[in-house]
1. Give me a comma-separated list of calculated 3J(HN,Hα) values for the range 258-264, in order, Karplus coefficients 6.51, -1.76, 1.60 applied at θ = phi - 60°, integers in Hz, x for any Gly or Pro.
2. Can you find, among Ser63, Pro74, Ser102, the residue sitting farthest towards the positive end of the charge dipole of the range 63-124, where Lys and Arg contribute +1 and Asp and Glu -1 at Cβ?
3. ³J(HN,Hα) across the range 69-85 via Karplus (A = 6.51, B = -1.76, C = 1.60, θ = phi - 60°), whole Hz, x for Gly/Pro?
4. Just to be sure I understand the model, the point goes 7 Å from the Cα along the line to the Cβ. What's the resulting Ala195 to Asp274 distance in nm?
5. Which net charge results for the neighbourhood of Ala127, defined as the other residues with beta-carbon distances under 11 angstrom from its beta-carbon, given Lys and Arg at +1 and Asp and Glu at -1?
6. List the aspartates and glutamates whose Cα sits under 12 Å from the Cα of Lys233, skipping any in the same chain fewer than 8 residues away.
7. List every residue whose amide H lies under 5 Å from the amide H of Ala276, counting only residues 5 or more places away in sequence or on a different chain, with H placed 1.01 Å from N in the peptide plane.
8. So which lysines can Lys134 reach, going by Cα to Cα under 29 Å and dropping same-chain residues fewer than 8 places off?
Amino acid sequence: MVDIDIYGWIQRWASMAFGVGLAVLAQLHGTASAAPASVTLPGNRTFPESITSTADGTLYVGSFAEGGVLRVRPGASQAEPWIEPGAFDSRSVLGVLADERSGTLWVCSNDLSARGIPGPGSAKGSALIGFDLKTGAGKLRAPFAGDHTFCNDAAIGPDGAVYVTNTAAPQILKLRPGGTQLEIWSTDLLFQPPAQGGGLDGIAFGSDGNLYVDTFTPGEFFRVEVKDGTAGKVTKLQTSRQLVLADALRPLGGNRFLTIEGGGRLDQVTVTGDTASIETLRDGFGRPTGVTQVGQSAWVAEGQLDHVADPAGKGPTLPFRVYEVPLLGH
């Protein structure tokens, strides 16, 4: 089980994100435009964490607190339950990634019960789980090995392998095509998580064939060189400004990425050499946690995870939503 203090982590996230959100609104007020279109999510304990999509525009949203996966059909205004909480020994759901090449929805599952977030089921530890993208049936469950485990997000490589971040250890894991066991693909002290925070988080391949990752609490951005599927040198990139609670990472092409900051921002990251330029596309989201691209739009999940373990009992703003943000001009 992950040794991160989830209660403390989320509470620190809440206070940091609130302060950052106020600063963002003050500094970037002129960049915010009209409220984006949205889709509502059922349930008062959904707390969406990650979102992915297929080429036809279908959205898939994982639930941090209740578990399971919701589906939003193209043009729908509300999500529908699809993969039931606890299915195929899944627990709390973080990263979700649609892999149309293999017909699989990859899901990061974590047992957070020891930290006050019981979730569904009784399976221990963390695992990468594959569900059939058409039927939702379970296909494969690959557990994380060891005690320091927290399956966060995934990317599909040119070789068809699945690459996964471990937020509780300085590790990127790999599941080879047709494989059943995860292996440590890259480990580096640069990825070491802080004592009371989260490490590796978002992950995506660039158009240069290299792998890019961000770290949640430190807010850093890295490139891992890739040659013939093997991990090479890790380089910390110089960002144009500090990322605050860096989360999901999705490729836009041309070594550009969409990323989320827990303080409320959807950003575009453009990598040139050893530098990464951060451009805010929209601010003011309620603790966003995930993003995916559908055509010329980004869809952003508002996680509101600061209210999962809310000691004041205020609770989240309902209904939970995912928001559409046009990307034209970007």
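1. 9, 9, 10, 10, x, x, x
2. Ser63
3. Result, ordered by residue: 10, 9, 10, 10, 6, x, x, 6, 9, 9, 6, 10, x, 10, 8, 5, x Hz.
4. Result for the modelled spin labels: 3.0 nm.
5. Values: positive: Arg91, Lys124, Arg141; negative: Asp89, Asp111.
Counting the neighbours of Ala127, the net charge comes to +1.
6. Asp188, Glu225
7. Hits under the 5 Å cutoff: Gln238, Thr239, Ser240.
8. Lys124, Lys174
The values are calculated or read from the model by the stated rules, or taken from the named source; none is laboratory data. For clarity, every value in this text was computed on a predicted model and none was experimentally measured. Here Cβ is always computed from backbone atoms with ideal geometry, including for glycine, and neighbour counts include all displayed protein chains. The protein model used for the area step is the full one, side chains on, heavy atoms only, and it has no ligands, DNA or RNA in it. Shrake-Rupley method; radii C 1.70, N 1.55, O 1.52, S 1.80 Å.
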